[in-house]
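This report concerns only the one structure given below.
Only the coordinates and a few stated rules stand behind these numbers; no lab work does. No experiment lies behind these values; they were computed from the predicted model shown. Neighbour counts run over all protein chains shown; Cβ positions are idealised from the backbone, glycine included.
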Amino acid sequence: MALMVYTVLDVILRYAFNRPFSGSLELTEFAMSAIVFLGIAYCGWLGGHVAVDILERPLENPKLRFIPVVLTLTSAVLFAAIAWLTLMETLGTMHRVSNMMRWPHWPFQFIVAFGSAMYAIVLFIQTFRLVRKREGEPPNVAQ
């Protein structure tokens, strides 16, 4: 909510008075990285991410039921890789700061690494549950 108010004020000041906030683009970018990556694992845990079920009916075929397991596992591995690579880059570039506000990048890069790692864990748990569900056991619901 605060970021929305800040952005609206910045637009008003920019176009009405030709006096935008200094560094508003950087603040918005840093805030968005924190907002997205601090909530991604929680949203995934609750099943709140957008899901497109175009292939739902074809996947009812017993021969194709392994596909959701493979896709979820692949996503988990990719998010684990994102976490690892972001952490390695952060440790190698701790001195970087933003251009206008001179804010260090590393706290926000750590947030990206942490959020990605937490989401990878959620996806590994979901993969395990999908495998158990495919074997005939009822899934263990997060709620």
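Calculated mean residue ellipticity at 222 nm for the chain: -23000 deg cm²/dmol, from DSSP H runs with n ≥ 4 weighted as -39500 (n - 2.57), summed, divided by the residue count and rounded to 500. The long axis of helix 2-17 is offset from the longest Cα principal axis of the chain by roughly 40 degrees. The relative contact order of the chain comes to 30 percent, based on Cα pairs under 8 Å that sit 6 or more residues apart. Using only side-chain charges placed at the Cβ, +1 for Lys and Arg and -1 for Asp and Glu, the dipole size of region 3-143 relative to its Cα centre rounds to 100 debye.
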